[in-house]
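Below you will find the structure I want to go over with you.
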Amino acid sequence: MTDEGFNRIMDFLAPGKPLRKGIDRIIEANLGALIFLASKPEQYLENGIIQLGFNLNSDFLPEKVYELAKMDGAIVLNSEANKILFANVQLNPDKNIASSQTGMRHRTAEKISNQTDDLTIAVSKRRNSVSVFYKKKKHELLPEGIIFERLNQEITIAQRYKQSFFNQIEYLNNEESRKTVSLSDVAEILSKGLLTIKITQGVDKYLSELGEISGSVKLEYEEILRSIPKFVGAIIMDYHIEDLKYQKSEDSIEIFKDIKLDDLVNLYTISRMLGYEVSSDDELEERNIVPRGYRILYSTKLPPVAVKNVVENFKNLPNLMEASFEDLTNVTGIGKRRAEIILGALNRKKKENDFEEKEVNKQ
Ligand SMILES: Nc1ncnc2c1ncn2[C@@H]1O[C@H](COP(=O)(O)OP(=O)(O)OP(=O)(O)O)[C@@H](O)[C@H]1O
């Protein structure tokens, strides 16, 4: 389903919306229904697609549509679904239009939608399901409970990946202080980060399906997508074989936009997308790479242009770690205040390094 199609469906059919309430009542009562949201009712009457029935032209209410579903035939609404136009209608789609559905109700719903480009809904009496036909696609509306279950499952998986990504960031910090970062370390952490993003983005369809009742899961979804892409992007900028031209760190994720889900666990593919040709595990593990310093600089919240200038000047993190206040203020766009902010971040990192060194020596 395209976003446009899916969003239009959800405009009418998200849980809690009047039409959805009517449909829920029809299902609860074990009834069926064929509902047609007609954009050009006059024309359809004239050319015989719609054959009356009752002419109602009455405001939409969930209870009314439920009562009308007890009758045979289709219910016709206007395209905004706020008026019930006709009931007990016979729909006559063009006989030449094919349908992949079984059962007259579903076949008619599909054909009418394909013929008119309007939205039709088949509520099955026997199957307890709701099929929505729109823009030559079929969408099954799942019961709320099942959507919640799937949403929770997916977000739990995303949270697990997020945790594992943050654990790996700690590991990367240590490796960066020891200057022993390998290509495989970077590929692995990017794999975790990119998977977190991809899985989280995947729950979007459930969230729009649930609309306003999606609750706290939506907050977690927004939180992950607000924070993780920035971290992932900064790592890409730090370790890509070329100094990428992106200003905002998260924009660099674009280089992975066409990667398939399966390839996100393939460290060779990720390395290749970072510009490194490697063909063995040894190469992956033994190839030492040095960060440019983007990650630490982005964490200072300095404007991206200033960050770029600093990286262009010092080339890599080890050089940057040696920078003095004066070295920093010599960079275009870095005044005294910004130099102090950068030095503050570098000093914190040095302290972490010292602590890490002491811990290693203790062992
Ligand atoms: N062309 C049509 N116009 C209006 N109503 C129709 C049309 N075709 C079927 N229906 C309605 O659908 C009802 C059920 O038809 P049928 O059992 O063949 O469909 P179905 O797709 O198998 O649906 P279900 O899964 O609910 O049994 C009919 O009694 C009628 O009310």
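Can you compute the FRET efficiency between GLU144 and SER227 using 1/(1 + (r/R0)^6), with r the Cβ-Cβ distance and R0 = 30 Å? Round to the nearest 0.05.
After rounding, the FRET efficiency stands at 0.55.
Have a look at THR108, THR332, THR300 and tell me which one the Gaussian network model of the chain (Cα, springs below 10 Å) gives the largest fluctuation.
Looking only at THR108, THR332, THR300, the largest GNM fluctuation is found for THR332.
So which trypsin sites (Lys or Arg not before Pro) in the range 20-95 pass both tests, a DSSP loop state and at most 12 other Cβ atoms within 10 Å of the Cβ?
Listed in order of number, the matching sites are LYS70, LYS95.
Now a separate question. If you take every DSSP beta bridge fully contained in the chain, what fraction is antiparallel? Give it as a percent rounded to 5.
Here the antiparallel bridges make up roughly 85 percent for the chain.
Quick check: the distance between the Cα centres of the range 5-53 and the range 289-306, to the nearest angstrom?
53
Efficiency by 1/(1 + (r/R0)^6): what FRET value for ASP117 and ARG272, r their Cβ-Cβ distance, R0 = 45 Å, to the nearest 0.05?
Efficiency, from the Cβ-Cβ distance: 0.55.
Here's a follow-up. Got a sec? How would MET273, MET237 order by Cβ neighbour count within 10 Å, fewest to most?
Lowest count first: MET273, MET237.
Still on this model: When ILE75, ILE155 are ordered from fewest to most other Cβ atoms inside 10 Å of their Cβ, what list results?
ILE155, ILE75
Convert each backbone phi in the range 339-349 into a coupling constant with the Karplus relation 6.51 cos²θ - 1.76 cosθ + 1.60 (shift: θ = phi - 60°), then list the ³J(HN,Hα) values in order as whole Hz, x for Gly and Pro.
With the stated coefficients, the range 339-349 comes to 4, 5, 4, 5, 4, x, 5, 5, 5, 4, 5 Hz.
Taking Rh as the Kirkwood radius computed over C-alpha pairs, what is the Stokes-Einstein D of the range 4-141 at 10 °C in a medium of viscosity 1.306 mPa s, expressed in µm² per second?
Answer from the Stokes-Einstein relation: 109 µm²/s.
Once you sort the root eigenvalues of the Cα gyration tensor of the range 1-78 as a ≥ b ≥ c, which label holds: rounded (a/c under 1.5), prolate (a/b larger than b/c) or oblate (the other case)?
Oblate.
Compute the signed sum of charges (Lys and Arg +1, Asp and Glu -1) over the other residues within less than 14 Å, Cβ to Cβ, of LEU343.
Within the 14 Å Cβ shell, the charges total +3.
Give a residue-ordered list of calculated ³J(HN,Hα) values for the range 152-162 (Karplus: 6.51 cos²θ - 1.76 cosθ + 1.60, θ = phi - 60°; whole Hz; x for Gly, Pro).
My calculation for the range 152-162 gives 5, 4, 5, 5, 5, 5, 4, 5, 5, 5, 4 Hz in order.
LYS350 versus ASN128, label points 7 Å from Cα toward the beta carbon: distance in nm?
The answer from the label model is 6.8 nm.
Another question, if that's okay. Any chance you could run the full-extension gain for GLN90 through ALA29? It's 0.36 nm times the residue separation minus the Cα-Cα distance, nm to one decimal.
Result: 19.7 nm gained on full extension.
With a cut-off of 15 Å, note down the residues of the range 68-112 whose backbone N falls inside the zone around a label point 7 Å from the Cα of ASN57 toward its beta carbon.
Output list for this probe position: 77-78, 83-87.
Explain nothing, just compute: Karplus ³J(HN,Hα) = 6.51 cos²θ - 1.76 cosθ + 1.60, θ = phi - 60°, for every residue of the range 293-307 in order, whole Hz, x for Gly and Pro.
Running phi through 6.51 cos²θ - 1.76 cosθ + 1.60 with θ = phi - 60° gives x, 4, 4, 5, 6, 4, 5, 7, 6, 5, x, x, 5, 5, 4 Hz.
While we're here: Going highest first, how would you order 307-313, 127-133 by mean Cβ packing within 10 Å?
307-313, 127-133
Right, another one. Return the calculated 222 nm mean residue ellipticity for the chain, to the nearest 500 deg cm²/dmol, obtained by summing -39500 (n - 2.57) across DSSP H runs with n ≥ 4 and dividing by the residue count.
-17500 deg cm²/dmol
Laboratory data are not the source of any read-out in this text; all were calculated from the coordinates shown. These numbers come from a predicted model, not from an experiment. Cβ sites come from the backbone with ideal geometry, for glycine too, and all protein chains shown count toward neighbours.
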